[in-house]
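Please treat every number below as a calculation from the coordinates, not as lab data. Treat the numbers as computed from the prediction; the structure is a model and nothing was measured.
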Amino acid sequence: MQTPQFLLDLLQLLLDLAVPAAFCTLAAAGVSLRHEGGINFHVNGRAGKWILWTIVLLTLPQLLSWVAAQGINIPSASGSVGTSWLASMETVFKNFVNQIVVAKLVPILAAYFVLKATLDGASGENPLGSIVAALFLMSLSATMQLFQGWNSGSQYAMTDMLASLWNYIAGQILPGAAGLACVGAVINLVRHRPWSRLVFVAISFLSVSGLLSLFRAMAA
């Protein structure tokens, strides 16, 4: 039996809205990052969940192709939404995300976190959490482009993107964090404050990939 055109248009609508929805989930990840402290990534935390949903949305067509390869019949998308009111809904949602969420709301949230960092510092609290969240939100578009560049287009695009994210964190972010930890250790040493923990943190950041390889070899 032929799939009704309305269902095909609805499937195409969901696929077309996946990338705008991914922008929203990535922005939610930035806000949740401040809730988790900004520098402490919680396992099963809200920021991690939102990032995972972002990756799922960006690789939704590849996930559907993997499901179809398992023998489950999935109607192929028509390429464009033929139903007029569904097409108007798609246009409105895309414009809302691009013109309001990304262009207006996200910069305002980043400015709020900059203000929060200033207030945290004035009250004697650590402002780093708010600074990290603000930087994440201000680089939202660049982060989305980075994620999309990691899409391999294969049936395993979701896991490939997660692997690319891990490699980026281990190869780009952690060395920079190790340098900051060394700077913090020097400052604490000059101020006669505890500094050995920061040195240990820097060494751990630089050896994360090696430790992972060691654990894999031990588990083999």
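Estimated from helices alone, the mean residue ellipticity of the chain at 222 nm is -22500 deg cm²/dmol (sum of -39500 (n - 2.57) over DSSP H runs with n ≥ 4, per residue). Within the listed set P127, P194, P61, the Gaussian network model of the chain (springs between alpha-carbon atoms below 10 Å) gives the highest mean-square fluctuation for P194. Its alpha carbons give the range 1-155 an Rg and a Dmax of 18.8, 68 Å. With a ≥ b ≥ c taken as the square roots of the eigenvalues of the C-alpha gyration tensor of the range 156-220, please select rounded if a/c is under 1.5 and otherwise prolate if a/b is larger than b/c or oblate if it is not? It comes out oblate by the Cα gyration axes. Rounded to the nearest 10 degrees, the inclination of helix 174-190 to the longest alpha-carbon principal axis of the chain is 20 degrees.
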